[in-house]
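First up is the structure itself, then whatever we jot down about it.
The values are calculated or read from the model by the stated rules, or taken from the named source; none is laboratory data. Everything numeric here is computed off the predicted structure, so don't read it as measured data. Cβ sites come from the backbone with ideal geometry, for glycine too, and all protein chains shown count toward neighbours.
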Amino acid sequence: MLQRLAPSHLWRPSLLPADRVTHLWRLLLLFVGLCVSLSSTSAQAQQTNWAEKMFKTTEHDFRAVGRGANCEYYFEFTNLYQDDVHIAGVRSSCGCTTPTVSKDLLKSRETGAVIAKFNTSSFIGQKSATITVVIDRPYYAEVRLKVEGYIRTDITFDPPEVAFGELKSGEESEQDITVTHTGNSNWQITDVRSHCEHLQVKLGAPQKSPGTVRYRMRVKVLETMPEGDVREQLTLISNDTRFPTTEMSVNGRIRPSLSVSPAAVNLGTSKPGAVVEKRLVIRGEEPFSITEVVCADQRFEFDTPPGEKKLHFVTMRFKAGDDADQVGQEIRINTDLKGGRSVKCVATGAIEG
């Protein structure tokens with residue numbers, strides 16, 4: 001018997017079972033591919049994020065600077081993690097900025113810097129650059145640092161920066177700088193400002209000649225300048241409406257009267273019950289004695305030498321407990337120096353589970 005066919009307008013093609021499986025398989029592959037892509041993007045973002053967290057800042061504006069002036073900025077970063085961090089390299093998107101690294105391998109809690117040097121002798125005008133910091137350990141990551149500034153051709157400094165070199169703590173020093181402006185005999189410095197209260201500036205009277213104005217400026221570092229690296233700026237305020245401010249670098253180092261080495265002690269990974277021994281070296285500008293070593297963690301013990309001398313060796317012992325743990329402790333060494341001077345270091349490590 002013949003069967004009656006359904007009207008043509010009611011007929012619809014349907015996927016065969018094999019076609020349906022193939023279609024679903026393709027959809028599944030697309031979904032998996034999308035998830036892998038998103039996961040990879042998320043992983044890259046996380047890798048960059050952990051690396052960026054080490055930097056205090058990722059941008060700097062040199063503002064307006066003189067031709068040939070020494071302009072450097074230190075992008076400081078600290079290893080916040082237990083593993084060593086290794087900088088594989090740095091590169092710049094523009095020849096106007098040359099990057100270098102002060103220390104390419106940082107152990108836990110150690111600090112380094114990416115130094116961005118603005119090439120004011122080779123370039124003029126508004127310039128900007130992106131510095132890419134490539135990290136290959138403990139995980140691959142890239143951090144991008146941005147710098148910009150305007151290099152003037154009408155202002156020069158002689159010498160190109162205020163460089164005090166290394167000074168003892170409490171020592172004062174002076175430097176003379178000649179500021180020259182060309183192109184406008186009516187140019188005038190109206191003020192010199194600094195965010196550092198430990199610098200003093202004395203500005204001489206202008207010396208004018210056709211198209212040129214010169215100032216002699218004396219910069220003094222006061223005895224109150226804190227110990228450590230000096231990286232400050234002086235801002236010259238002028239009557240130039242187009243460029244009312246010009247920056248000048250001030251650098252140097254105040255040598256600490258008391259120091260400890262290493263400042264960051266890596267205990268490594270210890271087995272339960274193990275004893276780790278390290279040596280701390282404490283140096284002073286004058287003979288001193290150690291009065292006390294303070295640490296809140298009772299697992300640390302210290303052997304301190306008696307007597308007064310400029311150099312002391314302190315033995316530090318850490319006894320690991322029975323439980324897995326992450327160790328991070330500040331250690332303070334007190335002395336009998338004037339004002340009860342002390343120094344600090346940080347000890348980090350881990351205990352296996």
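Quick notes
- Residue within the range 53-63 that is aliphatic (A, V, I, L, M) and at pLDDT below 95 present: no
- The strands (runs of 3 or more DSSP E) falling completely within the range 62-106 include none with 1 or more residues that are among the small types (Gly, Ala, Ser) and in contact (Cβ under 8 Å) with a residue 60 or more places away in the chain.
- Against the conditions (1) over 19 Å from Val179 (Cβ atoms); (2) outside any strand (DSSP E or B); (3) acidic (Asp, Glu), Asp240 satisfies every one except (1).
- Matching residues in the range 254-313 - criterion: being among the aliphatic types (A, V, I, L, M) and farther than 29 Å from Phe164 by Cα: Val265, Leu267, Ala274, Val275, Val276, Leu280, Ile290, Val293, Val294, Ala296
- Residue match in the range 153-162 (condition: at positive phi and not in a loop (DSSP other than H, G, I, E, B)): no
- Pair list, Cβ < 7 Å and 6+ apart or interchain, from the range 218-242 residues that are assigned by TED's automatic domain parsing to the domain that holds Tyr73 and surrounded by 14 or more Cβ atoms within 10 Å (Cβ to Cβ) to residues that are acidic (Asp, Glu) and assigned to a strand (DSSP E or B): none
- Of all residues in the range 119-162 being touching a residue at least 40 places away in the same chain (Cβ under 8 Å) and among the basic types (Lys, Arg), the one that is nearest to Thr97 (Cα to Cα): Lys146
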